Amino acid sequence: MHIGPGVRGLLPDLVAGTGARRVAVVSARPEGWVPDCGRPTLRLDAVDGEHHKTLAEVERLCRRFAEFGLTRSDVIVSCGGGTTTDVVGLAAALYHRGTAVIHLPTSLLAQVDASIGGKTAVNLPAGKNLVGAFWQPAAVLCDSEFLDTLPPRELLNGYGEIARCHFIGADGLRGLPLPEQIVGSVRLKASVVAADERDGGLRHLLNYGHTLGHAIERATDFAVRHGEAVAIGTVFAGRLAGVLGRVPPDRVAEHEAVVGHYGLPTALPAGVDDAALVNLMRQDKKVTVGLAFVLDGPDGAELVRGVPERAVTEALAAMPRAEKAAGKRR
């Protein structure tokens, strides 16, 4: 991981370090954003957004890699937001059963979460991230200069992942400058992934707020962005933990206070049916039987399986509703 202004300039040396003779660059950004790698390069356009996280897109990329003559000893470079790093990461994992990949995440959400940890996936009509693989990148270049180009809502989107860190081991991020928040978030995720790369236990903590978050994304056809949905899911996780008697009222209130500090939404979007959300949450990847959530408790956050539906509906009913899914950062 390399974090800071101008770190994309390290790309040519990192590519050389892989021993690659050819490079495939898949980018959702203008051509000049990716430095020349000094090798024959295939440049492919990508489009950020959940609707483009499909198996068809992975197949398109792999077909073009093959036409270009990319080999297993070459390297693939992604440049874009979290959906781009997800799709390109999966294509790299599958092409020749594994080809090196280097990510240049350009959104805050991708820099603090999506590009880190080796999880790659695409969506199916039945749910988010249901088809994927674990494939660690050779390097990740989090160039903070990319963040200067983001519109306010896209920057806010990334704060959703930073906010949930407060409840899973990084409670000192509020009030820090953004570069320090990025470093803190990356350190937290890297430490969790190092201890549990394949999602066997501890890594579940990183899904804090994500169970309801993913359901909201699908229920609104992704009109609510991922980070915004995770923020709402984090507030809900606090309320659900309170309903179950796992945390006292002041800790429940702390969830809303932390999320609100970043100017993120704390209320369910208008027009979304509670029963539909419960049904979508049953399809979450963590679920084996019934409903499962990562919840705060006396010993910290942990995965709780078999959560009673009545507790979930009670917590949902207590959530406020809002007309808008996002606000401005304070």
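The values are calculated or read from the model by the stated rules, or taken from the named source; none is laboratory data. Keep in mind it's a predicted model, so treat the numbers as computed, not measured. Cβ coordinates were reconstructed from backbone atoms using ideal geometry, including for glycine residues, and neighbour counts include every protein chain displayed. SASA here: full protein model, heavy atoms, side chains in, ligands and nucleic acids out. Shrake-Rupley method; radii C 1.70, N 1.55, O 1.52, S 1.80 Å.
The table below gives the values:
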item	result
Test item: Cα-centred dipole of segment 153-318, Lys/Arg +1 and Asp/Glu -1 on Cβ, debye	220 debye
Sum of -39500 (n - 2.57) over DSSP H runs of 4+, divided by residues of the chain (222 nm, nearest 500)	-12000 deg cm²/dmol
Check: the chain dipole with +1 on Lys, Arg Cβ and -1 on Asp, Glu Cβ, in debye	480 debye
Aspartates and glutamates whose Cα lies under 14 Å from that of Lys286, excluding same-chain neighbours fewer than 8 positions away	Asp199, Glu302
Computed accessible area, Trp33, all protein chains, 1.4 angstrom probe, square angstrom	60 Å²
Projected label distance in nm at Arg21 and His51, using a 7 Å step from Cα toward the beta-carbon	4.1 nm
Degrees between helix 152-164 axis and first principal axis of the chain (Cα, 0 to 90, nearest 10)	60 degrees
Percent antiparallel among DSSP beta bridges (both partners in the chain, rounded to 5)	25 percent
Enclosed volume per residue, in Å³, of the convex hull spanned by Cα atoms of segment 2-147	90 Å³
Positive-end extreme of charge dipole, segment 124-266 - chosen from Ala133, Gly184, Leu244 (charges on Cβ)	Leu244
Counting DSSP beta bridges with both ends in segment 2-147, the antiparallel % (nearest 5)	20 percent
Segment Leu44-Ala317, extension gain: residue separation times 0.36 nm, minus the distance between their alpha carbons	93.7 nm
Those trypsin sites (Lys or Arg not before Pro) in segment 179-240 that DSSP places in a loop and that have at most 10 other beta carbons within 10 Å	Arg198
Computed log₁₀ I(q)/I(0) - Debye formula, equal Cα scatterers, no solvent, segment 211-313, q 0.13 Å⁻¹	-0.43
The chain: angle of helix 249-261 to the longest principal axis, Cα-based, in degrees nearest 10	40 degrees
Normalised contact order of the chain, rounded percent, pairs of Cα under 8 Å and 6 or more residues apart	14 percent
Charge-dipole axis of the chain as Lys and Arg at +1 and Asp and Glu at -1 on Cβ define it, positive-most pick from Phe167, Leu316, His52	His52
For the chain: Kirkwood Rh in Å [reciprocal of mean 1/r, alpha carbons]	20.1 Å
Rounded tilt (10° steps) of 309-318 against the dominant C-alpha axis of the chain	90 degrees
